[in-house]
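S.K.: Take this structure first; my questions come after.
The values are calculated or read from the model by the stated rules, or taken from the named source; none is laboratory data. Just so we're clear, the structure is a prediction, and the values are computed from it rather than from any experiment. With ideal geometry, Cβ positions are generated from the backbone for all residues, glycine too; neighbour counts draw on all protein chains shown.
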């Protein structure tokens with residue numbers, strides 16, 4: 001990954017620190033929808049409502065309901081078929097979206113297969129999550145900052161100087177590093193602090209930071225500057 005020089009006027013030691021934590025997911029968030037197309041809007045809405053009730057009934061049979069099942073109000077759009085000169089109007093499509101939390105991951109496959117059998121025709125996403133994410137994000141940020149300090153101390157030792165107080169802290173969005181590829185120094189997330197086994201089933205919690213440390217001029221060694 002690449003990141004540009006974000007502190008434009010260095011006055012000490014400017015370092016990048018990162019951390020990657022991994023945690024097993026404990027629940028899943030599912031997004032899916034039912035769509036029904038008919039010649040008239042009323043028919044499309046009616047068909048979509050029936051499909052919603054069928055899907056709700058399946059979810060309820062598996063004790064999925066209440067706040068774990070959210071359903072949007074149906075929407076409507078014109079339905080077209082074909083391309084270019086062959087594009088033709090075929091009616092209206094009504095759509096209702098679902099957002100469902102599955103707390104027991106062992107049931108995930110059965111729930112997905114079941115909602116499709118019940119009438120869902122659009123699976124939009126399956127996201128594995130953990131209730132620990134907020135705590136882990138905070139821990140990852142702390143680890144990234146400590147990793148930056150360790151790196152600065154190593155640079156300072158090599159230069160025969162001593163780092164002073166923190167002058168600047170800049171939070172770096174790990175996702176932004178992907179868009180900066182090809183600009184500036186190459187940086188790999190987790191090269192400073194990587195915790196947890198590389199299990200493909202785990203959720204990665206990443207943090208990155210740019211930190212500027214002052215150089216303690218009162219403690220500069222004989223070869224320092």
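S.K.: Write out, first by first residue and then by second, each pair whose Cβ atoms fall under 8 Å of each other, whose residues are 6+ apart or on separate chains, and whose first residue, in the range 211-225, is closer than 22 Å to residue 150 by Cβ while the second is at pLDDT below 70 and surrounded by 13 or more Cβ atoms within 10 Å (Cβ to Cβ).
M.R.: What qualifies is 212/7; 215/224.
S.K.: State all residues of the range 117-145 that are under 30 Å from residue 216 (Cα atoms) and exposed (fewer than 15 other Cβ atoms within 10 Å of the Cβ); if no residue qualifies, say none.
M.R.: Correct list: 138, 142.
S.K.: Please work out which residue is surrounded by the most Cβ atoms within 10 Å (Cβ to Cβ), limiting yourself to the range 15-44 and to residues that are outside any strand (DSSP E or B) and within 25 Å of the chain's Cα centre (by Cα).
M.R.: 25
S.K.: Could you check how many residues of the range 156-181 are surrounded by 15 or more Cβ atoms within 10 Å (Cβ to Cβ) and in a helix (DSSP H, G or I)?
M.R.: 3
S.K.: Still on this structure: Here is a list: 12, 97, 114. Which entry is out of contact with any strand residue (DSSP E or B) (no Cβ under 8 Å at 6 or more places or on another chain) and surrounded by 14 or more Cβ atoms within 10 Å (Cβ to Cβ)?
M.R.: 114
S.K.: As an exercise: evaluate residue 74 against (1) under 29 Å from the mean Cα position of the chain (by Cα); (2) loosely packed, with under 15 Cβ neighbours inside 10 Å and give the number of the one condition it does not meet.
M.R.: So the condition that residue 74 fails would be (2).
S.K.: Tell me, which residue of the range 45-71 that is in contact with a helix residue (DSSP H, G or I) (Cβ under 9 Å, 6 or more places away or on another chain) and free of Cβ contacts under 8 Å to residues at least 24 places away in the same chain is surrounded by the most Cβ atoms within 10 Å (Cβ to Cβ)?
M.R.: 56
S.K.: Of these, 115, 120, which one is in a helix (DSSP H, G or I), touching a residue at least 60 places away in the same chain (Cβ under 8 Å) and either in the same structural domain as residue 38 (by TED's automatic domain parsing) or within 30 Å of residue 215 (Cα to Cα) (or both)?
M.R.: Answer to the selection: 115.
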